[in-house]
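Encoded as structure tokens, the structure appears first; notes follow it.
Laboratory data are not the source of any read-out in this text; all were calculated from the coordinates shown. What you see is a predicted model, and the numbers here were worked out from it, not measured in a lab. Positions of Cβ are generated from backbone atoms using ideal geometry, with glycine treated the same way; all protein chains shown enter the neighbour counts.
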Amino acid sequence: MSDADRAAKLAATLDFERDAYTRIRALSSEQLEAARAGDTERLERLLAEKGALVEKLEANADAEARAGWSELRDALPAETRAQLEQRIEEVASLLAAIVKLEDEARDELVNKRGAALEGLERLATARRVNRAYGDAGSPPPPGAQMTDQRG
């Protein structure tokens with residue numbers, strides 16, 4: 001395979017990845033919004049769509065096209081090399097943005113989970129207190145007597 005053919009194959013691979021990662025970045029942004037809103041149904045839909053895109057990326061991964069980039073880079077004309085390097089930078093930038101959005105969404109979900117657990121713990125404590133002390137606002141059951149020291 002000629003250097004020009006290898007460069008074209010790498011360009012096609014990078015273009016495919018750029019398009020897929022652009023969509024994943026958009027979905028990750030929506031995922032962060034859904035996490036902030038506590039919209040679990042939307043989160044599930046977004047995760048499923050992202051999962052399908054990742055599967056496509058894996059199915060279309062072309063390790064051969066990436067192999068030998070350092071050797072190929074030196075053999076290419078400057079213009080072709082610059083175009084490929086720009087594509088590589090675009091893909092790397094998209095991946096960095098996705099990682100940032102994913103981290104933010106994860107942190108949001110962890111915080112919401114923590115807040116929900118705290119609420120459940122307060123509820124459990126309140127129930128234990130109510131069981132221990134009874135409902136102080138209700139009258140005593142029929143037949144119950146309270147006496148003081150004098151009888």
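Listed values, structure above:
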| quantity | calculated |
| --- | --- |
| Proximal aspartates and glutamates to residue 50, defined as alpha-carbon separation beneath 17 angstrom and excluding residues fewer than eight positions away on the same chain | 17, 19, 30, 33, 39, 41, 58, 102, 103, 104 |
| Region 12-90, relative contact order in percent, only Cα pairs under 8 angstrom and at least six apart counted | 41 |
| For region 89-104 and region 37-60, distance of Cα centres in Å | 16 |
| Added length on full extension, which subtracts the Cα-Cα distance from 0.36 nm per residue, residue 19 to residue 111 | 29.9 nm |
| Of 11, 77, 101, farthest towards positive along the dipole that unit charges on Lys, Arg, Asp, Glu beta carbons give region 3-131 | 101 |
| Potential lengthening between residue 57 and residue 97 on full extension [0.36 nm per residue; Cα-Cα distance subtracted] | 12.7 nm |
| Nearest-20 debye value, region 3-131 charge dipole, Cβ charges on Lys, Arg, Asp, Glu | 960 |
| Residue 8 paired with residue 78, simple spin-label distance in nm, labels 7 Å along Cα-to-beta-carbon | 2.5 |
| J(HN,Hα) series, region 11-21, from Karplus relation 6.51 cos²θ - 1.76 cosθ + 1.60, nearest Hz, glycine and proline x | 4, 5, 4, 5, 5, 4, 5, 4, 5, 5, 5 |
